[in-house]
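Written below as structure tokens is the structure these notes are about.
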Amino acid sequence: MHAVKPTPERRRPVTRGDVALHAGVSTAVVSYVVNAGPRNVAPATRERVLDAIRDLGYRPNAAARALKLGVSGIIGLVVSDNTNPFFADYARAVESEAAVIDLSVILTNSALSATLEHQLVQKLVSRQVDGLLLASTDDDPDLESAKEAHIPVVLLDRAGPEEGFSSVGVNFREASRLAVEHLIAHGHRNIGIISGLTGGTTTRDRELGWADALAAAGLPEGPMVRADFGRIGGYEAGRRLLALPDRPTAVYSLSDMQAVGLLRSVHEAGVRVPEDLAVISFDGSAESEYSWPPLTAMRQPVADMARAAIEALSHGVTGVTNHQTFRAELVVRRSCGCDAPATEASG
């Protein structure tokens, strides 16, 4: 007959009271040390509490503390396409800024689906996040669930203000106009554009900036090809542009990803960049710097925008909303025809 092994005794979790007893202080002092306030603790006392925490292996119960304070310490971030290096850069910047104020980020991806985006927002709301950052696929996203739960929302990658919500974005129209003016300054008179199938006002504003620059220079609009915002879309758009009887001598691409796909199509066709076809893209992600040739691009200031978005979330708790507009920077590399080195040089 086999002997029955005794069930190991379950160790009682170390409590704040245990730490206080070990350090010879009150539980309130332990709380001040763990939460870095609200009252100051003498350095010697603080060290005694920290020693006790290490000796006993105390782990503060974050979930219980969150319930007591009424906050989760977590924000939700919904991006429209996590395969896009621009949104990867943006998400990383948001995480860095959130960490400064001790917030964690749940990153989700809507994969350019408005239906999935709505579901993700509802799930994040049900998890009682402290706030939501949303790079929506829709000009007018459904955020009723967040409103009802009184969760502040900041809209990312926006061309203009949205009633009831704070938002952050660049001046897409101005940035596109500057990009096309740079191509015109190189002497190009037939300038095409690769646009997207989605994107709402942000896409439309970039198209308008392209048209503004051409109209101001007295030039006709070159060919426009719409394709998916991605490498495959850019590749297919490039093949269509190259097949035109009067193909453009320069192309403005509304995303780095499309421009990278375009570069493959022109290389396969034996077309030289920038000698036969100049290219400027929008976003200025790391991918644009390491394409060949390196892409001249309108770079969005993701770090500044992420910081503004996190600040807007905190203001949103009080009901204050506003739209913050940033300027994109023209980063000159080889693809436009400038004699710039492969490393970055703005101008």
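Would you calculate a helix-derived [θ] at 222 nm for the chain, using -39,500 (n - 2.57) for each DSSP H run of n ≥ 4 and dividing by the full residue count, to the nearest 500?
Working: 13 runs with 147 residues, N = 347.
The per-residue figure over the chain is -13000 deg cm²/dmol.
Which whole-number percent gives the relative contact order of the chain, counting Cα pairs below 8 Å spaced six or more residues apart? Walk me through the numbers before you get to the answer.
Values: 659 pairs, mean separation 49.3, N = 347.
With pairs under 8 Å counted, the relative contact order is 14 percent.
Would you work out which of Gly238, Ser255, Ile310 lies farthest towards the positive end of the dipole of the chain? Charges go on Cβ: Lys and Arg +1, Asp and Glu -1.
Value: Ile310.
Which trypsin sites (Lys or Arg not before Pro) in the stretch 108-208 pass both tests, a DSSP loop state and at most 11 other beta-carbon atoms within 10 Å? The partial results should precede the final answer.
Values: sites: Lys123, Arg127, Lys147, Arg158, Arg173, Arg177, Arg189, Arg204, Arg206; in loops: Arg127, Arg158, Arg189.
For trypsin sites (Lys or Arg not before Pro) across the stretch 108-208 that sit outside H, G, I, E and B with at most 11 neighbouring Cβ atoms in 10 Å, the list reads Arg127.
Keeping the other protein chains in place, figure out the carbon and sulfur percent of the accessible area of the stretch 66-199, with a 1.4 Å probe. All intermediate terms of the calculation are to be shown ahead of the outcome.
On the way: 2980 of 5980 Å².
So the carbon and sulfur contribution to the accessible surface is 50 percent.
Rounded to the nearest 0.05, what FRET efficiency is calculated for Arg189 and Glu95 with R0 set to 51 Å and r the Cβ-Cβ distance?
Details: r = 45 Å, r/R0 = 0.88.
The value I calculate is 0.70.
What FRET efficiency do you get for Ala28 and Ile232 if R0 is 51 Å and r is their Cβ-Cβ distance, rounded to the nearest 0.05?
So the FRET efficiency works out to roughly 0.25.
Using DSSP to define loop residues, name the trypsin sites (Lys or Arg not before Pro) in the stretch 247-312 whose beta-carbon has at most 14 other beta-carbon atoms within 10 Å. Before the final figure, lay out each step's value.
Details: sites: Arg264, Arg272, Arg299, Arg307; in loops: Arg272.
Here the sparse-neighbourhood loop sites are Arg272.
Rounded to the nearest 5, what % of the DSSP beta bridges within the chain are antiparallel ones?
On the way: 6 of 41 bridges.
Percent antiparallel among DSSP bridges in the chain is about 15.
In the neighborhood of Met257, defined by Cβ-to-Cβ distances under 15 Å, what is the net charge if each Lys or Arg adds +1 and each Asp or Glu adds -1? Before the final figure, lay out the partial values.
On the way: positive: Arg206, Arg226, Arg231, Arg264, Arg299; negative: Asp81, Asp89, Asp157, Asp228, Glu236, Asp256, Asp283, Glu287, Glu289.
Local net charge: -4.
When the label point is put 7 Å from the Cα of Ala243 along its Cα-to-beta-carbon vector, which residues of the stretch 263-280 have a backbone N closer than 15 Å?
What the label zone holds, given the 15 Å backbone N cut-off, is 265-266, 269.
What distance in nm separates the simple spin-label points at Ala286 and Lys147, each placed 7 Å from Cα in the Cβ direction?
A separation of 3.9 nm, rounded to one decimal place.
Stokes-Einstein D for the stretch 110-189 at 10 °C, 1.306 mPa s, Kirkwood Rh over Cα pairs, in µm²/s? Intermediate results must be reported in sequence, preceding the final value.
Values: Rh = 14.5 Å.
D = 110 µm²/s.
Would you kindly give the portion of the calculated P(r) for the chain that falls above 34 Å, as a percent of all Cα pairs?
Working: 24912 of 60031 pairs.
Of all Cα-Cα pairs in the chain, 41 percent lie more than 34 Å apart.
Picking from Val170, Ser104, Met298, whose Cα lies most toward the positive end of the charge dipole for the chain (charges on Cβ: Lys, Arg +1; Asp, Glu -1)?
Ser104
The values are calculated or read from the model by the stated rules, or taken from the named source; none is laboratory data. Note that the structure is a prediction, hence the values are computed from the model and not measured. Neighbour counts run over all protein chains shown; Cβ positions are idealised from the backbone, glycine included. Heavy atoms of the whole protein, side chains included, go into the accessibility calculation; ligands, DNA and RNA do not. Shrake-Rupley method; radii C 1.70, N 1.55, O 1.52, S 1.80 Å.
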